[in-house]
Amino acid sequence: MSQIFVIDDDHFSRRLLERQLAVLKHDGVRSFARAEEALGVVASDPGAVGLVLCGLEMDEMDGVAVLRQLGRIGFVGGLGLITGGGERVARTAEELARAHGLQILGALHKPVPTSRLQQIVERARSMARPKQRRPSGPAYTAAEIARAIGCGEITCHFQPKVDMATARMVGVESLARWQHPRDGMVYPDRFISIAEEQGLIDDLTRAVLAAALQAARQWHRAGLAIHVAVNVSMDNLVRLDFADLVAAELERWGVAPGRLVLEVTESRLMTDRAAALETLTRLRLAHIGLAIDDFGTGHSSLSHLRDLPFTELKLDRSFVHGATRDPVQQAILEASLGVSARIGLLTVAEGVEDLEDWQAMQASHCDMAQGYFIARPMPAPALADWNRAWQARACELTPPAPSRSLG
Ligand code: C2E
Ligand code: CA
Ligand code: CA
């Protein structure tokens, strides 16, 4: 690996880390008592440093300021935070590092055990170089997005939702994809918010809804009795004719209202609360399911559960993936599941990425799961084949004892 920088004004801590790194046979270790000096070296060649181990509690420039500077420089290596403080402060600092776009590998509590240090160094070594899942090109204009909607370039991929008790697929979530003639497949993070800001979200939602219901009709005809979920934005809900529009689309594609779930995230401030409430009530009266999306994040709060007629709660993946390794995350997750069960909502765990997540959610009696462990979003025609393969795999995942079904 390239160089390791130790930044801490605590002489003892610095020397100890140097010695431990020497025991672990890592060359290229440089240590700095002054953060400013270290930052200058990193700034001159950000790619040359593979790992920065930085103290949080420093006098001259504290770790919080260092994180900001590393983010500004565009440091792409791994980062370990050394702290003498409590777990919660370390967590907040980790979050902060992420907010600055840094690749945080974990917090190390003083005195740092050599095994933990080794773990961080190994992770830095095996860390993929800054991977960009989706090349973020220039922002698209409203005119380009409007054209794409008009030309039918906005399509849907579908991600299965499975019942945790039986491991059977019970539904799919529709996720918008833009089949761009020049840029290939464009993901929603590059066009949804622009569509919202530019007044195009109604047309976009209508296109996604039509694609989702068309696919649902095919699956129902083929005997797959699943529901289909569509994401809607708050801007859709403030239109007083939205419920009529949805009803008309259901009718057009011959899909029963009970087979549709609309997922709502409050991504922008609810501008017209009364209108949104009215639409949600009418959708519910029409027997359309309503899910509160990204539950647990800043945008979706408990008051919405109290005031809005939701039928389903989708736990945000930040509380699901890796919950077993984090007591705070686990506590929030259990509390959310408790609230959900008490008020009679179905709960979906999002972001189930590995077997550990799956087993943890199963043990927590979560109703449904969705995530890369089960399947990535896929085009509609791929679903039947995936389902056959999944059924074979699912036999090994269901608990032996008979348990609840979704009813
Ligand atoms: P979301 O509604 O929370 O959708 C789930 C996102 O998480 C999807 O990203 C999905 O591909 C991804 N995902 C699923 N399982 C996993 C997992 O195990 N691990 C990880 N790391 N990620 C997972 P995608 O398709 O990029 O969508 C991003 C967001 O864009 C969606 O988040 C949703 O808020 C929004 N969106 C997508 N389609 C539409 C749409 O038609 N209308 C509106 N208004 N928003 C949409
Ligand atoms: Ca969603
Ligand atoms: Ca979500």
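Brief remarks on what is shown
- Selection from the range 64-106 of residues that are closer than 21 Å to ALA33 by Cβ, in a helix (DSSP H, G or I) and in contact (Cβ under 8 Å) with a residue 40 or more places away in the chain: VAL66
- Some residue of the range 107-118 being in a strand (DSSP E or B) and within 27 Å of the chain's Cα centre (by Cα): yes
- Residues in the range 81-104 that are among the small types (Gly, Ala, Ser) and over 17 Å from GLN69 (Cβ atoms) were compared, and the one that is most open to solvent (accessible area, probe 1.4 Å) is GLY84.
- Any chance SER13 is polar (S, T, N, Q) and either closer than 14 Å to ILE104 by Cβ or outside any helix (DSSP H, G or I) (or both): no
- Which listed residue, of ARG306, ARG317, ARG388, is basic (Lys, Arg), under 30 Å from ASP272 (Cα atoms) and away from ligand 2 (no atom under 16 Å from the Cβ): ARG306
- ALA99, sole failed condition from (1) modelled with pLDDT under 95; (2) of a type outside the set (Phe, Trp, Tyr); (3) over 23 Å from the mean Cα position of the chain (by Cα): (3)
- The lone criterion from (1) within 16 Å of ligand 1 (Cβ to nearest atom); (2) over 26 Å from ARG317 (Cα atoms) left unmet by THR265 is number (2).
- Residue under evaluation MET61, criteria (1) open to solvent by less than 30 Å² (accessible area, probe 1.4 Å); (2) over 27 Å from the mean Cα position of the chain (by Cα); (3) more than 19 Å from SER2 (Cβ to Cβ), criterion not met: (1)
- Filtering the range 338-359 to residues that are open to solvent by 20 Å² or more (accessible area, probe 1.4 Å) and in a helix (DSSP H, G or I) leaves GLY338, VAL339, ALA341, ARG342, LEU355, GLU356, GLN359.
- Candidates ARG147, ARG206 - the one that is in contact (Cβ under 8 Å) with a residue 12 or more places away in the chain and of a type in the set (D, E, K, R): ARG206
- Candidates SER336, SER301, filtered to the one that is at pLDDT 90 or above and hydroxyl-bearing (Ser, Thr, Tyr): SER336
- Cross-chain or 6+ apart pairs with Cβ under 7 Å, the range 315-333 first and in the same structural domain as VAL352 (by TED's automatic domain parsing), then among the acidic types (Asp, Glu) and assigned to a helix (DSSP H, G or I): VAL320/ASP357; HIS321/ASP357; THR324/GLU356
- Residue match in the range 385-395 (condition: at negative phi, touching a helix residue (DSSP H, G or I) at 6+ places or on another chain (Cβ under 8 Å) and crowded, with 18+ Cβ neighbours inside 10 Å): no
- For the range 308-321, taking the residues that are in contact with a helix residue (DSSP H, G or I) (Cβ under 7 Å, 6 or more places away or on another chain) and more than 21 Å from LEU260 (Cα to Cα), the one that is most open to solvent (accessible area, probe 1.4 Å) is identified as HIS321.
- A single entry from ILE154, ILE194 fulfils the requirement of being open to solvent by 20 Å² or more (accessible area, probe 1.4 Å) and either away from ligand 3 (no atom under 16 Å from the Cβ) or more than 23 Å from THR265 (Cα to Cα) (or both): ILE194.
- The set of residues in the range 226-240 being modelled with pLDDT of 95 or more and more than 13 Å from ligand 1 (Cβ to nearest atom) consists of ILE226, HIS227.
- Check on PHE191, within 16 Å of ligand 2 (Cβ to nearest atom), aromatic (Phe, Trp, Tyr) and closer than 23 Å to ALA384 by Cβ: no
The values are calculated or read from the model by the stated rules, or taken from the named source; none is laboratory data. All values reported here derive from a predicted model rather than from experimental measurement. FYI the Cβ positions are ideal-geometry reconstructions off the backbone, even for glycines, and counts take in every protein chain you see. Accessible surface areas use protein heavy atoms only, side chains included; no ligands, DNA or RNA. Shrake-Rupley method; radii C 1.70, N 1.55, O 1.52, S 1.80 Å.
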